[in-house]
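Remarks on the structure that follows.
The values are calculated or read from the model by the stated rules, or taken from the named source; none is laboratory data. The structure presented is a predicted model; accordingly, all values stated were derived computationally and were not measured. Every residue, glycine among them, receives a Cβ derived from its backbone with ideal geometry; neighbour counts consider all protein chains shown. We work out accessible area using only protein heavy atoms, side chains counted, and drop any ligands, DNA or RNA first. Shrake-Rupley method; radii C 1.70, N 1.55, O 1.52, S 1.80 Å.
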Amino acid sequence: MNIFNYFTGKQEPQTEYRNVNPILSTMKISLFGGSNSTAMKSGVVYRCVNLISDSIASLPLIPYNYTGNWKYVDAESQLYNLFNVQPNPFMSAFTFKKMMVVSMLLKGNAYILITRDNRGEVNNLTLLNSDSILIDGSNNNIRYKDSITNKLYDKSQIIHLMNNGETLYRGESTISYMANSLSIANNLENYLLSLTRSGMMVSGILKPVTGGGITSDKAKAAKTAFNASINSVEANSVIVLDAGFDFQQISISPKDAKYLESSKMNSNNICKFFGVPPAMIYDEVGKYSTAEQSQIDYLNNTLTPIIEKIESEFFRKIYLQTDWNTKELKFDSTNLMRLDAITQADYFTKLFGIGAMTANEVREKINAAYPAASGNKHFISTNLQQMDNLIVNATNSIDNKLT
């Protein structure tokens, strides 16, 4: 009896990948298969998906340990290397995180298998083929079955990232929600393609000149000859009409149809589904006065919800409950905030002035060649004074620093 009597979502057969290593099968399959293949042909969808996935893949995922009332980077742990160097022998951390986000956006789900050693420490993270995973949500429990390897996994073994989930067990791809917008985009692309194929010629009527007359056979022959000329037209070529005919355009021109405006409107609509500012896909001039404002908006409104989702699911599945109060897992998003030289100098000056950073910490951020001697000391600016108790008016030599 098949214990998976309740599967969420429709599954496609995966016979061509049976008895294959799950990591290799993930790398071989196309994450953009099926309807996603058509979607990724849209420049806007391609840009949005790659922008989000590349941005998150470029962020270090940092494990922390709490000691006392302070947290410290756990750089010597195996998890640090899994998250930022190599999660498995087949791919780098960047490729792993990128494919994970792409799968979540385009497939609706990303499934990551956790492998532990004899001590219970995580030593491998495997990205599974999301199309092959079947979910059993019966008996108040969740179990996963890989139809490629026929292996059954407990919920504690699978990191499950859901995109726009409307159920408890399976997410929905962003593509499925934007079918109408993609249909409009596809129609616009097909319209432009048909125009370019015809040399930007539009439909119309071949009519006899005033006072002329034509037979049915002559009309058919003229139509065939005219269409053949349009389909084979080249740049700067000339189309010659048969004697006695005149061409009258009946369809509106691309300018009158406002193709570019329609395309821009549809691009903005697609950006809404992905939460990407249109300026980030080079579709329009940004509304921001500085690049930093654009990056902050993109980080807060687009990436932060996805980052929080990944952090939460990774943390609760990788760490034991006994570690939840002493561990933390966070993306370092400072890589996204690439400030200009003036803004960067002002930023570090203010942090240094309140004792939040030392000189060597600033030098490390700007990739200085070496640390400064005594550069690990903290300083606090003391220029602010009470108006009724100025240091220069003090009689104590220690206070007024006169001697």
Sorted list, accessible surface of protein heavy atoms, 1.4 Å probe, largest first, for 311, 121 is 121, 311
Amide H partners (placed H, <5 Å) of residue 62, local residues excluded: 330, 331, 332
Ignoring ligands and nucleic acids, residue 330 exposes an accessible area, probe 1.4 Å, in Å² to the nearest 10, of 70
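Given 0.36 nm per residue, what is the gain on full extension from residue 374 to residue 311 after removing their alpha carbon distance, in nm?
Working: separation 63, 0.36 × 63 = 22.68 nm, distance 3.69 nm.
Value of the extension gain: 19.0 nm.
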Which FRET efficiency value, to the nearest 0.05, do you get for residue 168 and residue 342 by plugging their Cβ-Cβ distance into 1/(1 + (r/R0)^6) with R0 = 51 Å? 0.55
Spin-label point model (7 Å from Cα, Cβ direction): what's the residue 58 to residue 297 distance in nm? 1.9
Could you tell me the calculated FRET efficiency between residue 304 and residue 124, based on Cβ-Cβ distance and R0 = 30 angstrom, to the nearest 0.05? 0.55
So, in nm, how far is label residue 388 from label residue 151 when the simple model puts each one 7 Å beyond its Cα toward the Cβ? 7.5
